[in-house]
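S.K.: Before I ask anything, here is the structure I am working with.
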Amino acid sequence: MKRPFRLALLAAATSSALVHAQVLPGIPGGGQPAAAPTTTTSNNNYNMVPGSASDRQTDTQTALGNMPMMDPGSENVAFNGKLWNVTNNRLMRSRFETYLTTPEANSAEDQAYRDLMAQIQQLLAPTNKPGPDPMKAFALLPEAGTYRIDGGLCNSIANAIWDVWLSQRKQQNLKAANAAMLDRRKTLSWNAEMGLNNAQLAPSGGSSSGSKSGAQGQQQANQNAIATSASVGRTSEYIKGIAEIEARMKLNETAAGLSEITSKTTFQALIIQMFLQRRFEHAVIACRFYPNLFRDGDSILQLDKDSDVQKMLSSSFGVPPTISMIDGLSLEAIRSVDEALVSFENLLARRDIDSAGNRLLEAFGVGEYLPRVRRLPMTEKTKVLDFVRKKNKLLGFLEMKDYASAETVVTDLRSLSEDFEYAKPLAAITTAKNLSNLQVNNATAAMGVRDTKGMEAAMKAAAEIWPTNPRLTQLSEQMMQSTDFKSQGLMEFDRLISQRNYRQIAEQRVQFAVAVQDDPTRKDQLEKVLKDMGRLELIIGGAKEIASSSPPAAWEKVEKEAQQYPDDPVLSKLRADLGVKASDFVSAIENARQHEEKQQIGSALAWYLKAKRMHPPSDFARDGIKRLVERVKNNGEPPADDNSSAFNN
């Protein structure tokens with residue numbers, strides 16, 4: 001009967017405590033972890049998803065109705081088409097951690113309470129000599145209800161017993177009233193019978209003696225009719241009183257029956273409540289009080305035929321649920337908790353912390369308030385507490401997909417427990433990390449070929465599998481640096497263009513080429529700058545070559561480009577150096593230009609001729625002489641196409 005008991009007990013005890021189960025998620029990104037075995041003694045269902053097709057049970061819309069169904073093999077509960085792990089959910093873990101951090105209940109107050117509870121059970125036991133003494137047991141209930149650990153449940157039992165006694169007193173009063181009304185009914189029945197007999201014995205209306213006259217006979221008949229009518233009227237009142245008494249007696253009998261049923265149902269509801277709350281000691285006490293309160297021998301629980309509790313108990317045992325069944329189940333629960341704690345102590349001595357924690361969790365889930373559970377030494381619970389906290393961290397890390405931290409916790413758990421099943425979480429972690437790294441490689445390859453969409457898709461897939469992947473972070477930083485480099489390059493390029501600092505643009509041509517590769521306008525500007533600067537470098541190189549043999553020719557060559565690139569530092573420096581070397585020629589050209597601007601044609605012509613003598617191939621001197629000669633021919637007017645500048649060529 002052990003398996004049906006666990007089925008009924010755990011399903012009932014945990015149906016009200018099940019919240020969103022927290023199990024380790026499956027591997028995203030297409031990973032297929034190994035399937036969990038169908039039967040295991042551990043709670044490490046690392047890859048089980050509630051309601052998943054791989055581990056789904058048939059829905060409980062069967063003869064049992066829509067109710068939780070417990071699978072003792074895997075400690076899972078099927079409810080509404082979903083699969084939940086009884087011991088692996090937030091509510092159970094929080095309560096279990098609270099228990100592990102609570103000191104053992106071995107105080108004098110706790111011992112006094114345990115002794116009092118044992119005394120109450122002994123007084124109600126059939127083996128008590130000379131027999132069960134419910135009155136003494138009842139007198140101890142209020143005292144037990146004052147202890148903090150009791151939570152006032154003994155007071156609830158005492159109140160329920162008092163309500164039963166009041167109901168029974170009411171029933172006795174109703175029975176006494178019915179007995180009195182029955183006596184009155186008998187009296188009324190006798191009176192009614194006598195009245196009817198008197199009416200039948202009354203003389204007839206006709207005269208039997210010839211000596212009586214007709215008038216006298218008529219008078220006698222009238223008197224007899226009046227007497228008969230009065231007798232019938234009294235009889236009718238008797239019959240009416242009998243009917244009223246019958247109705248009142250029926251109402252009293254119904255009220256008495258309802259009172260008895262109500263008191264039974266209320267007390268049975270309290271027993272079931274204690275059982276489902278896992279207050280098995282209180283459930284046993286209430287069950288032992290029941291036959292002393294209701295001596296009719298009817299101990300069948302008055303449950304609704306469509307209720308989940310009725311279906312659960314009836315289907316598990318095949319018979320209608322009774323008070324004795326609840327009593328036996330409570331005692332079996334106490335015994336199973338004791339065995340689980342013996343197993344826990346043995347496993348703890350072997351350093352099998354994982355299995356020991358599972359056994360303790362099972363014992364706690366069934367008999368949280370039993371003395372053996374509350375008195376477990378704190379030194380033993382602390383060992384489990386450290387392991388459970390790390391295990392909860394592992395659950396949290398895997399739920400948040402922090403596989404690096406999860407791998408560290410798995411290593412710590414292996415060192416703490418000899419029987420920790422590390423293969424499943426470690427395989428899940430390794431698979432997720434490999435899949436994420438593969439997607440990072442794909443993103444890196446896509447970035448190399450400038451496949452933006454492919455890179456974004458690969459990075460998104462990598463982040464979904466392993467959000468804290470350090471390689472993904474590095475790749476993101478590289479992308480951000482690349483984006484910042486491009487933005488800064490564009491700003492610097494625009495600044496140098498506005499300053500006409502073309503030489504610096506040419507020197508940083510690689511950086512600017514990357515920055516403007518997606519901007520056609522700036523790309524054309526960069527190509528033009530590089531082309532012009534290339535031509536300028538050729539001119540500067542040529543000027544340097546001829547500077548040693550003909551400084552005036554070199555200066556004149558540089559001077560022409562200086563008008564287009566006045567801010568170029570290399571050109572300006574070379575121009576200044578050549579101006580010093582060819583200072584006489586430069587002075588002649590400058591004087592000629594100044595006289596030409598002042599319309600002093602003769603002086604300007606003289607200086608141009610002097611410059612030409614210094615450097616016969618001079619374009620500046622030749623062009624200046626040509627312009628001045630044309631002016632002389634035009635009577636001092638400049639030619640129509642003359643711009644009056646000696647440096648426009």
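The values are calculated or read from the model by the stated rules, or taken from the named source; none is laboratory data. A quick note: this is a predicted structure, and the numbers were derived from the prediction, not measured. We place every Cβ from the backbone using ideal geometry, glycine too, and count neighbours over all the protein chains shown.
S.K.: What pairs can you find where one residue is in the stretch 614-636 and assigned to a helix (DSSP H, G or I), the other is of a type in the set (Val, Ile, Thr), and their Cβ atoms are less than 9 Å apart, with a gap of 6+ or different chains?
M.R.: Phe620/Ile589; Ala621/Ile589; Gly624/Ile589; Leu628/Ile601; Arg631/Ile601; Val632/Ile601
S.K.: May I pose another question? Only one of Asp568, Asp518 is touching a helix residue (DSSP H, G or I) at 6+ places or on another chain (Cβ under 6 Å) and of a type in the set (Asp, Glu). Can you tell me which? Give the steps one after another, and end with the answer.
M.R.: Working: Asp518 fails: touching a helix residue (DSSP H, G or I) at 6+ places or on another chain (Cβ under 6 Å).
Of Asp568, Asp518, the one residue that is touching a helix residue (DSSP H, G or I) at 6+ places or on another chain (Cβ under 6 Å) and of a type in the set (Asp, Glu) is Asp568.
S.K.: Only one of Val440, Val409 is assigned by TED's automatic domain parsing to the domain that holds Leu341 and assigned to a helix (DSSP H, G or I); which?
M.R.: Details: Val440 fails: assigned by TED's automatic domain parsing to the domain that holds Leu341.
Result of the check over Val440, Val409: Val409.
S.K.: Given the conditions (1) at pLDDT below 85; (2) touching a helix residue (DSSP H, G or I) at 6+ places or on another chain (Cβ under 8 Å); (3) over 19 Å from Val373 (Cβ atoms), which single one is not true for Val86?
M.R.: Result: Val86 passes all but (3).
S.K.: Taking Gly541, is it touching a helix residue (DSSP H, G or I) at 6+ places or on another chain (Cβ under 8 Å) and either buried (at least 16 other Cβ atoms within 10 Å of the Cβ) or on the phi < 0 side of the Ramachandran plot (or both)?
M.R.: Numbers: touching a helix residue (DSSP H, G or I) at 6+ places or on another chain (Cβ under 8 Å): no; either buried (at least 16 other Cβ atoms within 10 Å of the Cβ) or on the phi < 0 side of the Ramachandran plot (or both): yes.
No, not satisfied.
S.K.: If you scan the stretch 486-496, which residues turn out to be surrounded by fewer than 16 Cβ atoms within 10 Å (Cβ to Cβ) and modelled with pLDDT of 75 or more?
M.R.: Passing the criteria: Met491, Asp494, Arg495.
S.K.: Something else now. Look at Ala553 and say whether it is in contact with a helix residue (DSSP H, G or I) (Cβ under 8 Å, 6 or more places away or on another chain), over 20 Å from Pro569 (Cβ atoms) and in contact (Cβ under 8 Å) with a residue 24 or more places away in the chain.
M.R.: Working: in contact with a helix residue (DSSP H, G or I) (Cβ under 8 Å, 6 or more places away or on another chain): yes; over 20 Å from Pro569 (Cβ atoms): yes; in contact (Cβ under 8 Å) with a residue 24 or more places away in the chain: yes.
It is true that Ala553 is in contact with a helix residue (DSSP H, G or I) (Cβ under 8 Å, 6 or more places away or on another chain), over 20 Å from Pro569 (Cβ atoms) and in contact (Cβ under 8 Å) with a residue 24 or more places away in the chain.
S.K.: Considering each residue of the stretch 567-605, count those that are in contact (Cβ under 8 Å) with a residue 24 or more places away in the chain and not in a helix (DSSP H, G or I), and give that number.
M.R.: Going through the stretch 567-605 one residue at a time, the tally reaches 4.
S.K.: A follow-up question, please. What are the residues in the stretch 337-382 that are part of a loop (DSSP other than H, G, I, E, B) and either loosely packed, with under 14 Cβ neighbours inside 10 Å or of a type in the set (Asp, Glu) (or both), if any? Reasoning before the result, please.
M.R.: Filtering the stretch 337-382 down to residues part of a loop (DSSP other than H, G, I, E, B) leaves 350-352, 367-370, 375-377.
Those that are part of a loop (DSSP other than H, G, I, E, B) and either loosely packed, with under 14 Cβ neighbours inside 10 Å or of a type in the set (Asp, Glu) (or both): Arg350, Arg351, Asp352, Glu368, Pro377.
S.K.: Any idea which of (1) within 16 Å of Leu496 (Cα to Cα); (2) part of a helix (DSSP H, G or I); (3) of a type outside the set (Lys, Arg) is the one Gly534 doesn't satisfy?
M.R.: For Gly534, the failing item is (1).
S.K.: Here's a follow-up. Return only the number of the condition from (1) modelled with pLDDT under 90; (2) part of a helix (DSSP H, G or I); (3) surrounded by 13 or more Cβ atoms within 10 Å (Cβ to Cβ) that Pro467 does not satisfy.
M.R.: Here Pro467 clears every test but (2).
S.K.: Could you list all residues from the stretch 98-120 that are of a type in the set (Asp, Glu) and touching a residue at least 12 places away in the same chain (Cβ under 8 Å)? Quick ask: steps written out before the conclusion?
M.R.: Restricting attention to the stretch 98-120, the residues satisfying the condition of being of a type in the set (Asp, Glu) are 104, 109-110, 115.
Once the filter is applied, which keeps residues that are of a type in the set (Asp, Glu) and touching a residue at least 12 places away in the same chain (Cβ under 8 Å), the stretch 98-120 yields Glu104, Glu109, Asp110.
S.K.: Ok, one more. Looking at the stretch 489-504, which of the residues that are basic (Lys, Arg) and assigned to a helix (DSSP H, G or I) is farthest from the chain's Cα centre (by Cα)?
M.R.: Let us first name the residues in the stretch 489-504 that are basic (Lys, Arg), namely 495, 500, 503.
Imposing the further condition that a residue be assigned to a helix (DSSP H, G or I) reduces the set to 495, 503.
Working: Arg495: 53, Arg503: 61 Å.
Going through the qualifying residues, I end up with Arg503.
S.K.: Separate question: Mind listing just one residue for me: the one in the stretch 426-460 that is of a type outside the set (Gly, Ala, Ser) and within 21 Å of Leu394 (Cα to Cα) and, of those, surrounded by the most Cβ atoms within 10 Å (Cβ to Cβ)? Let's see the steps before the verdict.
M.R.: Taking the stretch 426-460 and keeping what is of a type outside the set (Gly, Ala, Ser), we get 426, 429-431, 433-435, 437-442, 444, 447, 449-453, 455-456, 459-460.
Add one more test, that the residue is within 21 Å of Leu394 (Cα to Cα), and what stays is 426, 429-431, 433-435.
Numbers: Leu426: 16, Ile429: 26, Thr430: 13, Thr431: 19, Lys433: 18, Asn434: 13, Leu435: 20.
Here the answer is Ile429.
S.K.: Something else about it: For Ala404, state whether it is in a helix (DSSP H, G or I), surrounded by 15 or more Cβ atoms within 10 Å (Cβ to Cβ) and small (Gly, Ala, Ser). Working first, answer last.
M.R.: Details: in a helix (DSSP H, G or I): yes; surrounded by 15 or more Cβ atoms within 10 Å (Cβ to Cβ): no; small (Gly, Ala, Ser): yes.
Here the answer is no, as Ala404 does not meet what is asked.
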